[in-house]
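Read-outs throughout are calculated quantities, based only on the coordinates presented, and are distinct from any laboratory measurement. Keep in mind it's a predicted model, so treat the numbers as computed, not measured. Because the Cβ atoms are built from the backbone with ideal geometry, glycine has one as well, and the counts that use them run over all protein chains shown.
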Amino acid sequence: MPEKKDIVVRTVGVTKNFMLGRIELQVLKGIDLEINQGEYISIMGPSGSGKTTLFNMIGGLDKPSNGRVYIDEVDVAQLDAFELAWLRCRKIGYIFQTFNLIPVMTALENVTLPMIFAGTSHDESVDKGRQLLELVGLGERILHKPFELSGGQQQRVAIARAFANSPAIILADEPTGNLDLKTGKEIIGLLKEMNRKQGVSVITATHDLKMLDISDRVIWIRDGQVERIENRADLNIQVGAVEGE
Amino acid sequence: MAKKIGKQLSLPKSEAFKMSLRNIRIRFGRALVVSSSVFLGVAFLMSILTSSTITSALLKNGPDAIRLSLSVDASDYMARNIWLVSLSLLVCVVGITNSMLMAVSERSREIGTMKCLGALNRFIMEIFLIESALQGLVGSLAGGLVGALAIIISFFFRYGGQIAPYVPYFSILKVFIFSVVLGTVIAIVGAIYPTYLSARLEPAEAIRREV
Ligand SMILES: Nc1ncnc2c1ncn2[C@@H]1O[C@H](COP(=O)(O)OP(=O)(O)OP(=O)(O)O)[C@@H](O)[C@H]1O
Ligand SMILES: [Mg+2]
């Protein structure tokens, strides 16, 4: 196998169709991507272009209609239910636009839940949960329920949760979509910091041009296809132009 | 390849239990629906079982006057009552299924999220089934008590204190336990299908699904 060690995510000709009544809607039209370990990737594209759908494929949250997704060079389609759950638990951390915290659990319980699934002992997971919540600046609020927290704070909890089992990949679908500008910036800063310090690959979908600044590469999606991929170097000019307008 | 992907995931029973309890506490209204549905079914079941237990005890050992007045229609009643009880328990299952269908669809996003965090379908089922079982247990304990007491009291009203030595309390306790177990099992059975439906959804679909 021509294994390049550092490719964490590879998609080959991924398509996804949805049945809308009797009409088949092709949302992804053959996506080929390679994402390296430690990269910070932004996926940009207009609303409805298929970003969330692509995320679900990469994260093993849904099955592609055609094509293959490899995580760490393992074909996700070949995994059984246990391995797939393990992958979601240990390899990938998910962050959603709508936070998706478990409403009846405290911040700390939300963060320890994936560790419980992973078989970590209670004490150990509580310790790590505290650390993570401190890291995202919520050390004081670990016993609060999601509805007692602001949007930005909830998203911080979600970030702490995503990092609970030290994943190799963070998938963040519009993590700042429901936040104001300043909070959004803080969240992005947090993700970037984790990315730099822990070498986690971060893949975010966004409409948020602030994201471009810190991305290693930007993947532009349009109409279910990769329109273009830009490296950091080419980007600076672009971002300058965007900010100038 | 195999070295990279593991399989070992766990949800200790104590954790599942804690989650279920918390869900019941917080969504108390919903829990009451299941509990009261089981309550009604089991109260009916228990009243019939208690009644027939007492009747047969009286027929065997009771004073002659009472035996005569009872023997007329006892067996006839039995057949019809079994039929009625079965129907009511069936209705009970349908009610629970319906209520659980709503509960799981309300919590679809939560289920999807848990699956993203590594929950196996089995974990989801466990949490919901424990929840339903607890609701069923509470409902059937209350239903069993109420059903039994109502019948015992009505017997005393009808025949007076003279039957006191003949009331078979131990047999009533046995049918009580039977009814409680049955009520709990019914709550679990009613919850299996809705829980299974939602647990096997792909996480993306579960999260997307709005109520
Ligand atoms: N489960 C589904 N069933 C039917 N159609 C779907 C489903 N999921 C997505 N779609 C359709 O696929 C298209 C792409 O959706 P997707 O959510 O991937 O877009 P997006 O790029 O994430 O948009 P946004 O930026 O608004 O989040 C949309 O037209 C949507 O209606
Ligand atoms: Mg989206």
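Take the Cα radius of gyration of the protein assembly as shown and divide it by 2.2 N^0.38 Å, with N its residue count; two decimals is plenty.
Ratio of Cα Rg to 2.2 N^0.38 Å: 1.29.
Which value, in debye to the nearest 20, describes the size of the charge dipole of chain B about its Cα centre when Lys and Arg Cβ atoms bear +1, Asp and Glu Cβ atoms bear -1, and nothing else is charged?
So the magnitude is around 860 debye.
Taking the Cα centre of the protein assembly as shown as origin, sum charge times position over the Cβ atoms of Lys and Arg (+1) and Asp and Glu (-1), and report the length of that vector in debye to the nearest 20.
1000 debye
Amide H to amide H, which residues 5 or more places from A:R222 or on other chains are under 5 Å from it, using H placed in the peptide plane?
Distant-sequence amide H within range of A:R222: A:E227.
Express the relative contact order of the stretch B:13-208 as a whole percentage, based on alpha carbon pairs under 8 Å and six or more residues apart in sequence.
42 percent.
Can you compute the FRET efficiency between A:K197 and B:V181 using 1/(1 + (r/R0)^6), with r the Cβ-Cβ distance and R0 = 45 Å? Round to the nearest 0.05.
0.25
Between the stretch A:129-145 and the stretch B:123-155, what is the C-alpha centre distance in whole Å?
40 Å
Would you order A:L61, A:L108 from fewest to most other beta-carbon atoms within 10 Å of each residue's own beta-carbon?
Least crowded to most crowded, the residues run A:L108, A:L61.
Out of B:V34, B:N23, B:N81, whose Cα points farthest toward the positive end of the dipole of the stretch B:13-208 (charges: +1 Lys, Arg; -1 Asp, Glu; placed on Cβ)?
Farthest along the dipole direction, towards plus: B:N23.
Of all the C-alpha pairs in the stretch A:174-231, what % are more than 12 Å from each other?
69 percent
Once you have the Cα-Cα distance between A:I23 and A:D234, take 0.36 nm times their residue separation minus that, and quote the gain in nm to one decimal.
72.0 nm
Of A:G184, A:M19, A:N66, which is farthest on the positive side of the dipole of chain A, counting Cα position, with +1 on Lys and Arg Cβ, -1 on Asp and Glu Cβ, and the Cα centre as origin?
A:M19
Going 7 Å from the Cα of B:S154 toward and past its Cβ, which residues in the stretch B:34-50 have a backbone nitrogen under 20 Å from where you end up?
B:37-50
Run the helix sum for chain A: -39,500 (n - 2.57) per DSSP H stretch of 4+ residues, divided by residue count, reported at 222 nm to the nearest 500 deg cm²/dmol.
-10500 deg cm²/dmol
Within a 10 angstrom radius of the beta carbon, how do A:D32, B:D64 rank from fewest other beta carbons to most?
Final ranking by Cβ density, sparse to dense: B:D64, A:D32.
How many nm separate the modelled label positions at A:L181 and A:R68, each set 7 Å beyond the Cα in the direction of the Cβ?
Roughly 4.7 nm, to one decimal.
Give the residue from A:A81, B:I5, A:V202 lying farthest towards the positive end of the charge dipole for the protein assembly as shown; charges sit on Cβ (+1 for Lys and Arg, -1 for Asp and Glu) and the dipole is referred to the Cα centre.
A:A81
Restricted to Cα positions, what overall size does the stretch B:13-208 have along the principal axes? Three whole-Å values, descending.
Between the extreme Cα coordinates on each principal axis of the stretch B:13-208 lie 71, 29, 23 Å.
Using only C-alpha atoms and all pairs of different ones, pull out the Kirkwood radius for chain A in Å with one decimal.
Mean inverse Cα-Cα distance, inverted, gives 18.6 Å.
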